[in-house]
Amino acid sequence: MKKISRILILASLIFTACSSENDGAESNENGVDTFDRGAMLANWADNIIAPSFNNFKSTTQQLEDLTLAFTLNPSEENLIALRNQFESSYVNFQTVAMFDIGKAEELSYRRFLNTYPLATSDVENKIASGSYNLELPSSFKEQGFPALDYLLNGLGETDADIVAKYSAENYKNYLLDVSKRINSLTEEVNSSWQGDYRDTFVSGTSSSSTGSVDRFTNKYIMYYETFLRSGKIGYPAGAFTGTPSPINVEAYYSADLSKKLYLQAIKTTQDFFNGKYFNSSSTGMSYKQYLEFLDRGDLADDILSQFGTINSQAINLNDSFKSQVETNNTLMLVAFDELQKEVVLLKLDMVQALSISINYVDSDGD
Amino acid sequence: MRRSVTKYFNSFTDAAPLAVFRIGFGILMLASIIRFYLNGWIEKLYITPKFHFSYYGFEWVKPLGDFTYLLFIICGLAAFFVAIGYKYRIAIITFFLSFTYIELMDKTTYLNHYYFISILSFILIFLPANSYFSLDAWKNSGKAFQKIPRWCIDCIKLLLAIVYFYAGLAKLNSDWLIRAMPLKIWLPSKYDLPFLGDLMQQEWISYAFSWSGMLYDLLIPFLLLYRRTRFAAFLAVIIFHVLTRVLFPIGMFPYIMIVSALIFFSPRVHHQILNKISSWFNISKVKFDNNKLFQNKPKQKKFTILVVAIFFILQLILPWRYLLYSNELFWTEEGYRFSWRVMLMEKAGYAEFKVVDADSGKRFYVNNSDFLTPFQEKQMSFQPDFILQYAHFLADHFRKEGHSNIEVYVESYVGLNGRKSKPYISADVNLLNFDDSFEHKTFILPFYDEIKGL
């Protein structure tokens, strides 16, 4: 009798020891009635994230090329061409901004490309001195799209005034360096997704906090809460302080860009939730399907209907959030409230339904 | 009746089970403390946080900075001394005090398991666990007794029985039995377990686990007590606890319960275990086998029994205190802790605090991560007493920063066992108007649902 119990204890201890490791490869080969997280990760990587970066990379290459053309020949025509490219690249950036995982996380990609408001006077000082190192973390606020926004729109009243600034070598150099850095960082992140990192990401099917689903979901929600809700609407509208702050608007110096950026960011978040392929109408597995599998289709519906409310509320907003904040900030605060309702649905309800922990800390539970 | 009670308290039994229990308890506690340190939890849970959530009435218990490590060292050493039975009384008192102090430092880390360890070590203070197979008994044969009063072993069985049985009673509710919550949320997320992963996706498994878990908790004390079912029951104990270890991040607790359950076995089994230990360490066990009856001064004996009796009456009553509150227990958590309510809730919250300067009308929102660790924020966001304490902390903090006439509001939502999240605390109530107390917290919004059962 004692022997049996000893064997049982031993077997169970071995089992315990094995089970704390995970061999992600085969989570379910019989495929009946189980949700395949590996397939969801593959859909995210192959149909959404990698194509988005690939597309964005081609726009940043264009951006660099047109910047070069403009600095070689600063004309109003070249400025307009460059500005158009800047706007389209900035919009496309909204399709990759949330993927702060892997190489992007390691490089602080998003912070280098889109930290705003820009430290304008620091930028001017560096241009004047001609000595700077854009690779330093201390220079987050002096480069990326906010810097281009300023350098292409904020240097003068008219295009002629702006072009005139580029007679100076220092302005040319800084502008070109900013564009090049956007392009080279994007190149690095993009090639990691076209290469090794894709497999690392997709094979991370573990249910633990180190698994890709948990880690990325944290990123997804953080992006939505901090960068979309607070960054694009909350801070400019003064939702946290009670005092509106136009300088916090994204693309502050561009005439009508901020709302486009906002709408694209919402679309990206919503498409991701739906598992919609980049630039295609097909859909694969994502949060929506996962919730439906877990019998929480009701919650998926609530989340989507809230996205609907957010989108229809956005129709009322001015193309320029700067003028919206200055003329009728109440509408901005309404936008914030609607975004906030979605935060609760995503960060609380969805995460709970998927049994994912936010900002995981490893400690025992009951 | 009275005669049989007196007779019971004058009857003796073999001391071996208590000795084995003492050794197992001491070793597992030492291992727990070492594991806690190795996981970096001393630093993470007690040194890093800028603010700690205190238990009501124990606000004076705070981490000691770097001396917190010393506290853990003392606790670990005491556990070791308990295991070998050296200076036992001092060791177990030291263990009880240091362990309980650690648990009282921050209620963020509250677990029923820790509470169980605290009260178990308290009761061990009053038991002659060093009278057999201990260094104390080895060195001083005057302190060595092979026979101890029967109640000394029975009271550990009783405590274990209370833990299991009350945990079972707490499962008699509609969420657990009818909706299979929260297991229906938790189990499918274990899809990557070897062998079991796919099974965990099935709905019936959640129901099977819920119902068998409830039956296990309610029945296991009796099956362990009854000689003919004891061995099968012990196998069930092993399977149950190993399974919980596999499925949930539950730490050392399963091992503690498995080792504790050995106490139900007859002295013969325990003598075999001690023989084994003796042969490993070259201890002459016969030296302890003196057949002497444990002797105590009548006054001391009376006192001990009185303390133990009061202790158990409290243990039996305390879990029912939630009946004094009229609202849904799972929602308000008033009377929830210290009641063996284990794994009953998947509950999470979202709480955003607003600080208002009543003079100027200016307001701003608080970034919780400026003050709390992610773990603290998680626990705070769905427990009203945490929310209240944090609001007062924020007020103190911003007063020091020069704000005066502060008001603190919270916008909060809580999701419980798969229900859609609902507003939790009145958003228009200035939390500073309330102090923590055992009274019902009126600023908690209604649950608008019903969980039937105990």
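When restricted to residues that are assigned to a helix (DSSP H, G or I), over 18 Å from B:His241 (Cα atoms), within 13 Å of another protein chain (Cβ to nearest Cβ) and in contact (Cβ under 8 Å) with a residue 40 or more places away in the chain, region B:171-195 contains 2.
A:Glu188 falls short on exactly one of the conditions (1) over 17 Å from the mean Cα position of the chain (by Cα); (2) charged (D, E, K, R); (3) surrounded by fewer than 18 Cβ atoms within 10 Å (Cβ to Cβ), and that condition is (1).
I want to confirm something. Restricting to region A:85-106 and keeping residues that are open to solvent by less than 40 Å² (accessible area, probe 1.4 Å) and assigned to a helix (DSSP H, G or I), which single residue is farthest from A:Ser179 (Cα to Cα)? For region A:85-106, the residue satisfying everything is A:Ala104. Any residue in region B:51-60 that is under 21 Å from the mean Cα position of the chain (by Cα) and on the phi > 0 side of the Ramachandran plot? Yes, there is a match, as at least one residue in region B:51-60 is under 21 Å from the mean Cα position of the chain (by Cα) and on the phi > 0 side of the Ramachandran plot.
Quick grid of which residues meet (1) without any contact (Cβ under 8 Å) to a residue 40 or more places away in the chain; (2) within 24 Å of the chain's Cα centre (by Cα); (3) at negative phi; (4) within 9 Å of another protein chain (Cβ to nearest Cβ):
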| site | (1), (2), (3), (4) |
| --- | --- |
| B:Gly349 | no, yes, yes, yes |
| B:Lys362 | yes, no, yes, yes |
| B:Asp370 | yes, no, yes, no |
| B:Glu407 | no, no, yes, no |
| B:Ser412 | no, no, yes, no |
| B:Lys422 | yes, no, yes, no |
| B:Phe434 | no, no, yes, no |
| B:Lys441 | no, no, yes, no |
| B:Gly453 | no, yes, no, no |
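Tell me whether region B:126-146 contains one or more residues that are under 21 Å from B:Lys347 (Cα atoms), under 25 Å from the mean Cα position of the chain (by Cα) and away from every other protein chain (no Cβ under 12 Å). Checking region B:126-146: not a single residue is under 21 Å from B:Lys347 (Cα atoms), under 25 Å from the mean Cα position of the chain (by Cα) and away from every other protein chain (no Cβ under 12 Å). Only one entry in B:Glu328, B:Glu334 is charged (D, E, K, R), open to solvent by less than 60 Å² (accessible area, probe 1.4 Å), closer than 26 Å to B:Ala167 by Cα and out of contact with any helix residue (DSSP H, G or I) (no Cβ under 8 Å at 6 or more places or on another chain), namely B:Glu328. Checked across region A:111-118, the condition of being touching an Asp or Glu at 6+ places or on another chain (Cβ under 8 Å), among the basic types (Lys, Arg) and farther than 30 Å from A:Glu157 by Cβ holds for no residue. Residue pairs whose Cβ atoms lie under 7 Å apart, sitting 6 or more positions apart in sequence or on different chains, and linking a residue in region B:225-246 that is over 30 Å from B:Pro188 (Cα atoms) to a partner that is assigned to a loop (DSSP other than H, G, I, E, B), are B:Arg230/B:Phe265; B:Phe231/A:Met1. Checking every residue in region B:173-183 against the condition of being of a type in the set (Val, Ile, Thr) and assigned by TED's automatic domain parsing to the domain that holds B:Glu43 gives zero matches. Among residues of region B:350-368 being assigned to a strand (DSSP E or B) and modelled with pLDDT of 90 or more, the one that is most open to solvent (accessible area, probe 1.4 Å) is B:Lys354. Scanning region A:153-173 for residues that are in contact with a Lys or Arg (Cβ under 7 Å, 6 or more places away or on another chain) and of a type in the set (Ser, Thr, Tyr), we see that the one that is farthest from A:Phe93 (Cα to Cα) is A:Tyr166. Looking only at region A:188-196, decide whether some residue is part of a helix (DSSP H, G or I), of a type in the set (Phe, Trp, Tyr), closer than 28 Å to A:Leu136 by Cβ and not assigned by TED's automatic domain parsing to the domain that holds A:Lys347. Checked region A:188-196: at least one residue is part of a helix (DSSP H, G or I), of a type in the set (Phe, Trp, Tyr), closer than 28 Å to A:Leu136 by Cβ and not assigned by TED's automatic domain parsing to the domain that holds A:Lys347. Please verify whether A:Ser357 is part of a loop (DSSP other than H, G, I, E, B), within 12 Å of chain B (Cβ to nearest Cβ) and open to solvent by 10 Å² or more (accessible area, probe 1.4 Å), treating the condition exactly as stated. Yes; evaluated as a whole, the condition is true for this residue. Given the structure, is B:Gly213 of a type outside the set (Ser, Thr, Tyr) and in contact with an Asp or Glu (Cβ under 7 Å, 6 or more places away or on another chain)? Answer is no for this residue.
If you go through region B:1-23 and pick out every residue that is within 23 Å of B:Met252 (Cβ to Cβ) and either out of contact with any Phe, Trp or Tyr (no Cβ under 9 Å at 6 or more places or on another chain) or among the polar types (S, T, N, Q) (or both), you end up with 1.
The single condition from (1) among the polar types (S, T, N, Q); (2) open to solvent by 60 Å² or more (accessible area, probe 1.4 Å); (3) closer than 22 Å to A:Thr60 by Cα that A:Ser121 fails is (3).
Does region A:62-84 hold any residues that are touching a residue at least 24 places away in the same chain (Cβ under 8 Å) and either open to solvent by 70 Å² or more (accessible area, probe 1.4 Å) or of a type in the set (Asp, Glu) (or both), and which are they? Hits for region A:62-84 are A:Gln62, A:Glu64, A:Leu68, A:Glu76, A:Ile80. Scanning region B:126-142 for residues that are open to solvent by 20 Å² or more (accessible area, probe 1.4 Å) and either over 18 Å from B:Asn282 (Cβ atoms) or of a type in the set (Val, Ile, Thr) (or both) returns B:Phe126, B:Asn130, B:Asn140, B:Ser141, B:Gly142. Does at least one position in region B:135-154 carry a residue that is out of contact with any strand residue (DSSP E or B) (no Cβ under 9 Å at 6 or more places or on another chain) and not in a helix (DSSP H, G or I)? So far as region B:135-154 goes, yes, one or more of its residues are out of contact with any strand residue (DSSP E or B) (no Cβ under 9 Å at 6 or more places or on another chain) and not in a helix (DSSP H, G or I).
Okay, residues lined up against (1) at pLDDT below 95; (2) in a helix (DSSP H, G or I); (3) within 8 Å of chain A (Cβ to nearest Cβ); (4) under 16 Å from B:Pro17 (Cβ atoms):
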position	(1), (2), (3), (4)
B:Gly197	yes, no, yes, no
B:Trp211	no, yes, no, no
B:Phe234	no, yes, yes, yes
B:Arg245	yes, yes, yes, no
B:Arg268	no, yes, no, yes
B:Leu274	no, yes, no, yes
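Across region A:121-155, the qualifying residues are those that are not in a helix (DSSP H, G or I) and not aliphatic (A, V, I, L, M), and the one among them that is nearest to A:Glu106 (Cα to Cα) is A:Glu135.
Okay, residues lined up against (1) surrounded by fewer than 18 Cβ atoms within 10 Å (Cβ to Cβ); (2) of a type outside the set (D, E, K, R):
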| position | (1), (2) |
| --- | --- |
| A:Ser108 | yes, yes |
| A:Tyr116 | no, yes |
| A:Asp149 | no, no |
| A:Leu152 | no, yes |
| A:Asp159 | yes, no |
| A:Tyr174 | no, yes |
| A:Asp196 | yes, no |
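The rows are residues; the columns are (1) surrounded by fewer than 20 Cβ atoms within 10 Å (Cβ to Cβ); (2) within 21 Å of the chain's Cα centre (by Cα).
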{"site": "B:Ser212", "(1), (2)": "yes, no"}
{"site": "B:Asp217", "(1), (2)": "no, yes"}
{"site": "B:Leu243", "(1), (2)": "yes, yes"}
{"site": "B:Gly251", "(1), (2)": "no, yes"}
{"site": "B:Ile256", "(1), (2)": "no, yes"}
{"site": "B:Val259", "(1), (2)": "yes, yes"}
{"site": "B:Gln272", "(1), (2)": "yes, no"}
{"site": "B:Ser279", "(1), (2)": "yes, no"}
{"site": "B:Val286", "(1), (2)": "yes, no"}
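Residue count for region B:384-405, restricted to those that are away from chain A (no Cβ under 14 Å) and assigned to a loop (DSSP other than H, G, I, E, B): 4.
The values are calculated or read from the model by the stated rules, or taken from the named source; none is laboratory data. In this text, all values refer to a predicted model and were calculated from it rather than measured experimentally. Don't worry about glycine lacking a Cβ; one is built from the backbone with ideal geometry, like all the others, and counts go over all protein chains shown. Just so you know, the surface numbers come from the protein's heavy atoms only, side chains and all, with ligands and any DNA or RNA stripped out. Shrake-Rupley method; radii C 1.70, N 1.55, O 1.52, S 1.80 Å.
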